[in-house]
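Accompanying notes for the structure given below.
Nothing in this text is a laboratory measurement; each read-out follows from the coordinates by a stated rule. Computed from a predicted model, the values in this text were never measured in an experiment.
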Ligand SMILES: [Zn+2]
Ligand SMILES: [Zn+2]
C-alpha cells in the first residue's frame, strides 16, 4: 500500500512540478501512517452489525472506538511536526496548537471521538481556548482519526453486508472523497475519504442526495485530462470526482488521485458545487 502510494506521488510530482511541495507533504504523511504504532481499534459486535447496517447505520459507531491514548498522542505529535515542516500557511496557529498539545491542554481521544460523531462543539470550544480556527483543529484531528480508521480497514475491518445503497461509507459513515469507474461496464465504486473503504454504487445516482433524475445530473471534464471527470448534481449542488481506471490504469491508489485532482475541486467550487454534507442518521 505504502509503496504504491509513494510511487504514484513521485510520478505525480514529476508530471506536475507545481504539485512538488504537496507531494512531499503527502509522502511524509503516508510514511507516518504506515510507520506509526496502531492507536485505534473498533470493537464491533458482529452479531448486531448486520441488522444495524440493514437499517442504514454504518458498521462502526463512536462507542466502539478504542484508543490507545499513548500511541495516539505520539502519532498526533508527529503529525503536527509534519504539518509544521510542510505547511506554508497557518504556521502561527499551528505553533499555538503544538504548544497547547505539549502542555497537555488537549483531550485528544475525546476530541477524536467528537470528529467521528461530527460533534463540532468540543472542537470549537477547544480551538477557541487554544486561540486557533476550529477548521484547523478539525482538519488535524480528522487526519489523525482517518489514519487510525484506515489502519483498521487495512487490517480487515469490513462491512458485514454486501449490498449498501447509501452515499456514505458502510464501515465508518464517512463521505466518499473520490470514485472510480472500472471494468468493461464502467462500474462505479466510491472510496471513503475517512477510512479508505470502498463500495459499489449506482452510476447515475447523486451520492449526496440520492437524486436519479437524468436532467439534473451531469458531469464536466477538463481539456487534456482524459480519465478524470467531475459528476455534478444540480438538485443539491453536490459533486464527486471520478477516475476512469479504464483510461488511467487499474489499481491506482485513489487517495493519491484525490491529491492529483485538487484543481478539479477548485473548479467545482468556483461553479458553486460542494463535496456536500452527510445526512446524519440519529442512532
Ligand atoms: Zn469509511
Ligand atoms: Zn444531489
Next on the checklist: Can you report the principal axis dimensions of the range 75-228 using only the alpha carbons, biggest first, rounded to whole angstrom?
Outcome noted: 55, 41, 27
Checklist entry - Which three lengths, in whole Å and largest first, does the range 212-277 cover when its Cα atoms are put on their principal axes? => result 32, 24, 22
Checklist entry - Direction-averaged shadow area of the convex hull around the Cα atoms of the range 1-120, nm²? => result 9.9 nm²
Item to check | Per-selection Kirkwood Rh - the range 138-266 (Cα, Å, 1 d.p.) | outcome: 15.2 Å
Next on the checklist: What would the Debye equation give as log₁₀ I(q)/I(0) for the range 53-108 at q = 0.16, 0.19, 0.22 Å⁻¹, counting only Cα atoms as equal point scatterers?
Outcome noted: -0.63, -0.74, -0.85
Checklist entry - D for the chain, whole µm²/s, Stokes-Einstein with Kirkwood Rh over alpha-carbon pairs at 37 °C and 0.692 mPa s: what number? => result 165 µm²/s
